[in-house]
Amino acid sequence: MIKSPLKSKVDSRDGKLAMAHLYVAFIALLVGGLAGLLQVLVRSGKFQLPAGIGYYQILTVHGVVLGLVLTTFFIMGFQLSVVSKTAGTFTGKQRTVGWIGFWIMTIGTIAAAVMILLNKASVLYTFYAPLQAHFIFYLGLTLVVVGSWTVGAAIIMKYAEWRRANPGQQSPLLTFMALVNTLMWIVATIGVAATVLIQLLPWSLGWVDTVNVAVSRTLFWYFGHPLVYFWLLPAYMVWYAIIPKIIGGKIFSDSLARMSFILFLLFSIPVGFHHQLLEPGIDAAWKFLQVVLTFAVVIPSLMTAFSLFASFETFGRSKGAKGLFGWLKKLPWGDARFTVPFIGMVAFIPAGAGGIVNASHQMNQVIHNTIWVTGHFHLTVATAVVLTFFGAAFWLVPHLTGRKLTKKMNKLALIQGSLWAIGMTFMSGAMHAAGLLGAPRRSAFSDYGGSAQAAEWIPYQIAQAVGGSILFIAIILMLYIFINLAFFAPKGEQEFPVGEALHPEEKAPMVFENWKLWLGITVLLILFAYTIPFIDLIQNAPPGSKGFKLW
Amino acid sequence: MHLDEKIWLTLSFGMIMAFMVITGYQTFALEMGPPSNNELIDPQKVDETAPFNEPGIKQIGENEYEVVMTLQVFSFNPMDIEVPAGSTVHFTLTSKDVVHGFEIAGTNVNAMVMPGHIQKITQKFDEPGKYLVLCNEYCGAGHQVMSTTITVK
């Protein structure tokens, strides 16, 4: 058994750094949530945006602010906290690196946000060329990515220091997980950095006339799918390693958790083509190869599902639960730190199943670019991930600010989670249904020239507006809870729950910490999946495209 | 490893393998793979390049038609196509500006149409009716009005 320097409290200097990230994340929640509310209202057909604000401008705000800003800032703040807690307080130098990263990300966010608000960048968060935004938008996003690498560097430095101080020992589970996610993020963001720095920035500055559209889309999606795993893995950290402690149980298997994280590192990157299945210029066989790799990444999620429910059942039975499902009754349903993430876990079951449909080569054709896809990722990132982040904030924020989650706030948090579940059932359910009928995603309200088919979609769009409005109320409630926990809750000591393994004597094999091996395999898989089709896209390139500003 | 864990992992692997085999069989044996045509065109010279210099519908066999179509902000050319029920229609598509989507609601026709690339997709229309054709990739301020129809008589 390793004696990790598990202090009872995260050092207050590390806490300040983590909280700085969380403040930005929750401001992003307010701005992005408001944009989302306006979108569902516009699409209901009953409401028009005032003052010449464009639907697609609002949509760009929603995607960038929630998909990139909220997630990245929350994740960095969360990962800094778990590393500080389980591997020990950051050194002054490491913390300075973290602060530099935070400010680079924040400056980048402000730069990109200003361009969106000036309507110079209504290109959505995927910024598909040859739609051409103002160069400052691309520069801002680059700074967000570079800043995240810098914060990541602080985590890597802390991990390396821990390993040097504890030779031959496995690192603390949460530190290991944060490191895997950081490494995966760095490898993945190379793609988006490449398209922005080599293609889009010179092109938007007018240094080159044209851009290779297929190459830029391919580099974007090389990054775009691991991005969703970058969102998901911190939620898995909470599910694997923190929730068991909250319910009073144990982590089912430390090795299984590490193995599933390594599998995510290997398989979440060489799968971007499944976002490009309907594009010309990429051979169907290469697309199929990446579909197979996409299916492979389902395995660690199924392992996660098993491990979670096994730890719940083990806990319930240890409390004397009888029968097949008696253990469910023993779970602490009155504790928002458990129940809110649990709603997220349940949402991940249909979300994952829908994801397999999306990845399935030909079935993708039925739903590609329909609002089904929007419904899908509002279950994954906007329910499973976000509710888990909220569930973590309920203890992390008061822990870092030296306050306590009161009974009253806990109750509000439970209401918040329930409202989210209700709102999302309406909104995501209606999105899935309308998508199957063909309703497109990313479109302002349209009756498509009085089309009878499009008329069938409108009741679903009204249901989306109802669900979206309920979700907005849940967001306001969440912000109220956050502000309370950050500034007004009574002073006290809120526990930072870190789970212990059911069988601590079973040590995970040290091979899990062999980063040369895992990064080597990761790079090999990427080269295998991408080299030939990518060279083909460059060698057999059409004349490039000039930029268009069409909003 | 726990026995239940082994059972679960075996089922998981089996299910995933089945998905791989089915999608692979459909793609390679039944030729149901997604639209992946690989022909290039100069996006600045679409109007001068055959076949897009003459967009339109052409009968190429009994119950078989070819539609050569350009997509541009925020329209399709040709618009409002008509074909008899039971026709097989081969669409040849390209974009004159940004990336567009080509979706026929109520069918499985769904393809990305990118500048510089010629995309192809085929559909047999059995059911008579008026089908909505729309752009499903964001292409600018008028994206939501970019639509036309295919009438099957």
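The values are calculated or read from the model by the stated rules, or taken from the named source; none is laboratory data. Remember, it's a predicted structure, so these values are computed and weren't measured experimentally. As a convention, Cβ positions derive from the backbone with ideal geometry for all residues, glycine included, and neighbour counts pool all protein chains shown. The accessibility values were calculated without ligands, DNA or RNA, using every heavy atom of the protein model including side chains. Shrake-Rupley method; radii C 1.70, N 1.55, O 1.52, S 1.80 Å.
Are any residues in segment A:510-551 more than 24 Å from residue A:257 (Cβ to Cβ) and of a type in the set (Gly, Ala, Ser), and if so, which ones?
Residues satisfying the conditions are A:529, A:541, A:544, A:545, A:547.
Just one of the numbered conditions (1) surrounded by fewer than 16 Cβ atoms within 10 Å (Cβ to Cβ); (2) in contact with an Asp or Glu (Cβ under 8 Å, 6 or more places away or on another chain); (3) facing another protein chain (nearest Cβ under 9 Å) is not true of residue B:129; which one?
(2)
Output the number of the condition that residue A:408 fails; it satisfies all remaining conditions of (1) farther than 21 Å from residue A:435 by Cβ; (2) under 19 Å from the mean Cα position of the chain (by Cα).
(2)
Applying the selection to segment A:120-141, what residues are at the interface with another protein chain (Cβ under 10 Å from one of its Cβ atoms) and either closer than 16 Å to residue B:141 by Cβ or within 22 Å of the chain's Cα centre (by Cα) (or both)?
A:122, A:123, A:124, A:126, A:128, A:130, A:131, A:132
Identify, by number, the condition in (1) surrounded by 13 or more Cβ atoms within 10 Å (Cβ to Cβ); (2) more than 30 Å from residue A:309 (Cα to Cα); (3) without any contact (Cβ under 8 Å) to a residue 12 or more places away in the chain; (4) not charged (D, E, K, R) that residue B:29 doesn't meet.
All conditions pass for residue B:29, except number (1).
Here are some residues: B:105, B:85. Which one is over 17 Å from the mean Cα position of the chain (by Cα) and either exposed (fewer than 14 other Cβ atoms within 10 Å of the Cβ) or touching a residue at least 12 places away in the same chain (Cβ under 8 Å) (or both)?
None of the other options fit; the residue is B:85.
Would you be able to tell me the number of residues in segment A:264-302 that are at the interface with another protein chain (Cβ under 7 Å from one of its Cβ atoms) and under 25 Å from the mean Cα position of the chain (by Cα)?
Of the residues in segment A:264-302, 9 are at the interface with another protein chain (Cβ under 7 Å from one of its Cβ atoms) and under 25 Å from the mean Cα position of the chain (by Cα).
I'd like to verify a number: residues in segment A:303-320 that are over 24 Å from the mean Cα position of the chain (by Cα), surrounded by fewer than 17 Cβ atoms within 10 Å (Cβ to Cβ) and not polar (S, T, N, Q), how many?
Counting residues in segment A:303-320 that are over 24 Å from the mean Cα position of the chain (by Cα), surrounded by fewer than 17 Cβ atoms within 10 Å (Cβ to Cβ) and not polar (S, T, N, Q) gives 3.
How do the pairs read when you match residues in segment B:38-53 that are in contact (Cβ under 8 Å) with a residue 12 or more places away in the chain with residues anywhere that are basic (Lys, Arg), using Cβ under 8 Å and keeping only pairs 6 or more apart or on different chains?
As it stands, the answer is B:43/B:96; B:46/B:96; B:47/B:96, since those pairs meet every condition given.
Find the residue count for segment A:129-181, including only residues that are in contact with a helix residue (DSSP H, G or I) (Cβ under 9 Å, 6 or more places away or on another chain), part of a helix (DSSP H, G or I), open to solvent by 30 Å² or more (accessible area, probe 1.4 Å) and more than 27 Å from residue A:224 (Cα to Cα).
Total satisfying the criteria: 2.
In segment A:498-551, how many residues are within 30 Å of residue A:86 (Cβ to Cβ), assigned to a helix (DSSP H, G or I) and acidic (Asp, Glu)?
1
Can you confirm whether residue B:124 is within 21 Å of residue B:45 (Cβ to Cβ), open to solvent by 10 Å² or more (accessible area, probe 1.4 Å) and either at pLDDT 95 or above or β-branched (Val, Ile, Thr) (or both)?
no
When you scan segment B:1-115 for strands (runs of 3 or more DSSP E) that lie fully inside it, which ones turn up with 1 or more residues that are at pLDDT 95 or above and at the interface with chain A (Cβ under 7 Å from one of its Cβ atoms)?
B:100-104, B:110-113
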